[in-house]
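The values are calculated or read from the model by the stated rules, or taken from the named source; none is laboratory data. Given the structure is predicted, the values throughout are model-derived calculations rather than measurements. Here Cβ is always computed from backbone atoms with ideal geometry, including for glycine, and neighbour counts include all displayed protein chains.
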Amino acid sequence: MKKIGFIGLGIMGEAMAKRLLQNGYELVVYNRTAEKISKLGASNVVPALSPAEVARNCEIAISMLADSKAVEEIVYGKGGIFESMKPGFIHVDMSTISPITTRKLYNDYKARNAYFIHAPVLGSKSQAADGTLLIFAGGDRAVIDKCKDIFIVLGKKVWEFDSVEKATILKLAMNSMIATMIVALSQAFVIADKSGVSKETVLEILENSALNSAMYQNKGRTIINGNFEPNFYVKHILKDVNLILESAMDLKISLPVISVIRELYIQALSKGYENEDYSAIFKVIAELAGVKI
Ligand SMILES: NC(=O)c1ccc[n+]([C@@H]2O[C@H](COP(=O)([O-])OP(=O)(O)OC[C@H]3O[C@@H](n4cnc5c(N)ncnc54)[C@H](OP(=O)(O)O)[C@@H]3O)[C@@H](O)[C@H]2O)c1
């Protein structure tokens, strides 16, 4: 049985860890809130008390964490990976984090004769559960090759890049579309609603049009059902919108639409929707338009 480390059992991490367990991996698992480890409910799970314990017992570890701060904490912090890893250790972070952080981690691992791969993913909980994530893997090609068996279990396609930043930025580019598309759908819903046309009709027209997407249909249905149970938190899409704007600044490009959308997500935060699904942005747009939710 192949043994690897796994750090972070949030919405995505739990589904990804279960997928690896079902596919013959033994996992040495750390989560900040230790009780969540029991949710994995499998015999091939070895709980670890710290990221350092994961690194002491594995040659490769995956992390799937909230943000850059969390990833830095499990590497550099007390009980972190750097306290115990051996030369040649491979850390594959799959979270959506900052390109400055992924570059720093890559360099700091290199300086310790170890390796950092950034492999963020497109897809949510259900794609994580059935192994159909899209994976953008950046870093040393030879090291990415060593992680291929893991990526095949978690994803349906892997794009490889020769630097960590390319993978990091590509994920942010994809999330700029997610953040924008949900606003576009919400706007279409409120325009239709104000004109006495149902959201169902909007979805039906989309379904027959070149504009359609699986995302519009899935999120459209959950919005219609008033279901804002989180698959992807408002607080995380806002984190990503902030990272997109920071990266745009570094690249000296203007992204005016994302700047405006950021304000909408901040309003979602101030209305207390931060732990709801990002589609709760519909409620902000509906409230602005005076449309009953
Ligand atoms: N949800 C999605 O659809 C989706 C899709 C693609 C990518 N992503 C990205 O994937 C990452 C994880 O997303 P998620 O939805 O699984 O998030 P989540 O449910 O909020 O899980 C976050 C994880 O990070 C841990 N964590 C947070 N702060 C920490 C810290 N300071 N030190 C150590 N651990 C810490 C949490 O531990 P506790 O359990 O102790 O809180 C939890 O395990 C994010 O970067 C997100 O943007 C999400």
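Does the range 263-285 contain at least one residue that is among the basic types (Lys, Arg), assigned by TED's automatic domain parsing to the domain that holds ASP193 and exposed (fewer than 14 other Cβ atoms within 10 Å of the Cβ)? For the range 263-285, residues among the basic types (Lys, Arg), assigned by TED's automatic domain parsing to the domain that holds ASP193 and exposed (fewer than 14 other Cβ atoms within 10 Å of the Cβ): absent. From the list ARG32, ARG112, ARG19, the one residue that fits, being within 25 Å of ILE152 (Cα to Cα) and basic (Lys, Arg), is ARG19. PHE89 falls short on exactly one of the conditions (1) among the hydrophobic types (A, V, I, L, M, F, W, C); (2) under 26 Å from ASN23 (Cα atoms); (3) within 15 Å of the ligand (Cβ to nearest atom), and that condition is (3). Within the bounds of the range 30-52, is there any residue that is buried (at least 23 other Cβ atoms within 10 Å of the Cβ), within 15 Å of the ligand (Cβ to nearest atom) and of a type in the set (Val, Ile, Thr)? Checking the range 30-52: not a single residue is buried (at least 23 other Cβ atoms within 10 Å of the Cβ), within 15 Å of the ligand (Cβ to nearest atom) and of a type in the set (Val, Ile, Thr). Of all residues in the range 225-243, those satisfying the criterion of being within 16 Å of the ligand (Cβ to nearest atom) and outside any helix (DSSP H, G or I) are ASN227, PHE228, GLU229, PRO230, ASN231, PHE232, TYR233. When you check LYS78 against the structure, is it more than 16 Å from the ligand (Cβ to nearest atom), surrounded by fewer than 16 Cβ atoms within 10 Å (Cβ to Cβ) and more than 28 Å from ILE237 (Cα to Cα), yes or no? For LYS78, the condition - more than 16 Å from the ligand (Cβ to nearest atom), surrounded by fewer than 16 Cβ atoms within 10 Å (Cβ to Cβ) and more than 28 Å from ILE237 (Cα to Cα) - is not met.
Scanning the range 186-237 for residues that are of a type in the set (Gly, Ala, Ser), free of Cβ contacts under 8 Å to residues at least 24 places away in the same chain and either surrounded by fewer than 17 Cβ atoms within 10 Å (Cβ to Cβ) or at positive phi (or both) yields SER195, GLY196, SER198, SER209, ALA210, ALA214. Enumerate the pairs (first residue in the range 59-87 and assigned by TED's automatic domain parsing to the domain that holds GLU14; second residue anywhere and assigned to a loop (DSSP other than H, G, I, E, B) and surrounded by fewer than 16 Cβ atoms within 10 Å (Cβ to Cβ)) with beta-carbon separation below 6 Å, excluding pairs fewer than 6 apart on the same chain, so at least 6 apart or on different chains. Every condition considered, the pairs that remain are PRO87/ASN113.
Screening THR222 on (1) within 16 Å of the ligand (Cβ to nearest atom); (2) in contact with a helix residue (DSSP H, G or I) (Cβ under 8 Å, 6 or more places away or on another chain); (3) closer than 15 Å to THR96 by Cβ shows it passes everything except condition (3).
Within 18 Å of the chain's Cα centre (by Cα) and within 11 Å of the ligand (Cβ to nearest atom): is that true of ILE62 in this structure? Answer is no for this residue.
Matching residues to (1) within 16 Å of the ligand (Cβ to nearest atom); (2) at pLDDT below 95; (3) touching a helix residue (DSSP H, G or I) at 6+ places or on another chain (Cβ under 7 Å):
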{"site": "THR168", "(1), (2), (3)": "yes, no, yes"}
{"site": "ALA173", "(1), (2), (3)": "yes, no, no"}
{"site": "MET177", "(1), (2), (3)": "yes, no, no"}
{"site": "VAL197", "(1), (2), (3)": "no, no, no"}
{"site": "ILE205", "(1), (2), (3)": "no, no, no"}
{"site": "ALA268", "(1), (2), (3)": "yes, no, yes"}
{"site": "TYR278", "(1), (2), (3)": "yes, no, yes"}
